[in-house]
Every structure is written in C-alpha cells, then in structure tokens.
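Derivation of every value follows stated rules applied to the coordinates shown; laboratory data play no part. Keep in mind it's a predicted model, so treat the numbers as computed, not measured. Counting neighbours? That spans all protein chains shown, and the Cβs are built from the backbone with ideal geometry, glycine included.
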Amino acid sequence: MQSLSLDQLRAATQAGGITSVTLRAEGGAFVVAVATRNGDDGVLVATRTKQPRRFTDLRKAMLLLRAMGIASVQVDATHWKPDEGVAGTPRPDRSEAMKRAHEAAAHDRWFRAQVEEALRDANDPATVSFPHEQVMAEMKAVIDRAAPKTSGRRER
C-alpha cells in the first residue's frame, strides 16, 4: 500500500488519478484509503511520522477531503471500535505553541491599533506638539531632581 502525503493526495486528486476514497475504520479512528487509476491503493499519512493519519471525527475528515475536491467517499465501519482510544500521545507542546501564537497575534493587532491611533493624532491639526529641545530640557530637569536622591544611597 502506497503512503500519500496531503500534498500528494491533493495533486493526484487534481490530476484525476483517484478513483475512489474510503474512510476505513481502524479501532477508534478512521484512515483515508484511496484507489488510484494505476491500480495502486494508498493511504493518507501524517507528514512527519509517515504513519496513517487518523481521524476520530468524521466531520474533520470530510472537511479536509471536500476542500481537496473529493465530494464522494465510502465509509467502512467494519472494524470500528468507538470505545477504543486512539493510539498516540497528547500534544501539550502544540497546545502551548498555539496559545502563544494566538496571544502574539492579539498583541500584534493591539499594537497596530495603537500605532494607527498615534498616527491619526499626530496628523490632526488640533494636536498640540512641543519642540524636541523643550521636551529634552524638561526631562533633564526631572532626572536632575531625582539624581540627588539616588546618589546619596550607600551600596550594600
């Protein structure tokens, strides 16, 4: 049986090389099995592990296949054991990575909104602006007032 990556299955489908698709039960999950025009049977595999890609949710499998242009599939539930757990380990590392990615995207949206607001304010004729020299002189005065307080401290 031939192993097909997602890209290979997509290419074979677009080229008209797939004659039938079956969602075949294996324990508590289903795998995508295909028959090709050249007579080779194949199975969709995960990119990294090269193991059959397993779907516990038939809806997700159908969404994936439909997005590739496969609208008709057979379901073979002969060996389906819905109470059987799916082999594999949970991926808390992926969950954490996705959480960080969503947080980063949210921060990016917030930051961009802040920049846009600042640019609108800067371009508004009603916005009062101060010369650079004046701001720097005022900040130097603040620093100079704070300096005696910190310079008198003893180091431990």
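Remark: the M136-D76 segment gains 14.1 nm on full extension, using 0.36 nm per residue and subtracting the alpha carbon distance.
Take the alpha carbon atoms of the stretch 2-76, find their radius of gyration, then divide it by 2.2 N^0.38 Å using N residues; give the quotient. Write down the numbers at each step before the final one.
Values: Rg = 11.2 Å, N = 75, 2.2 N^0.38 = 11.3 Å.
Compactness ratio reported: 0.99.
The antiparallel fraction among DSSP beta bridges confined to the chain stands at about 65%. Only one of the listed values, (1) 1.35; (2) 2.03; (3) 1.41, was derived from the coordinates as Cα Rg over 2.2 N^0.38 Å; which label is it? Given (1) 1.35; (2) 2.03; (3) 1.41, the structure-derived one carries the label (2). Taking the centroid of alpha carbons for each part, the stretch 1-58 and the stretch 115-144 are 62 Å apart.
Just in the stretch 1-98: which trypsin sites (Lys or Arg not before Pro) are loop by DSSP and have at most 16 other Cβ atoms within 10 Å? The partial results should precede the final answer.
Values: sites: R10, R24, R37, R48, K50, R53, R54, R59, K60, R66, R94; in loops: R37, R48, K50, R53.
Of the trypsin sites (Lys or Arg not before Pro), the ones in loops of the stretch 1-98 whose Cβ has at most 16 other Cβ atoms within 10 Å are R37, R48, K50.
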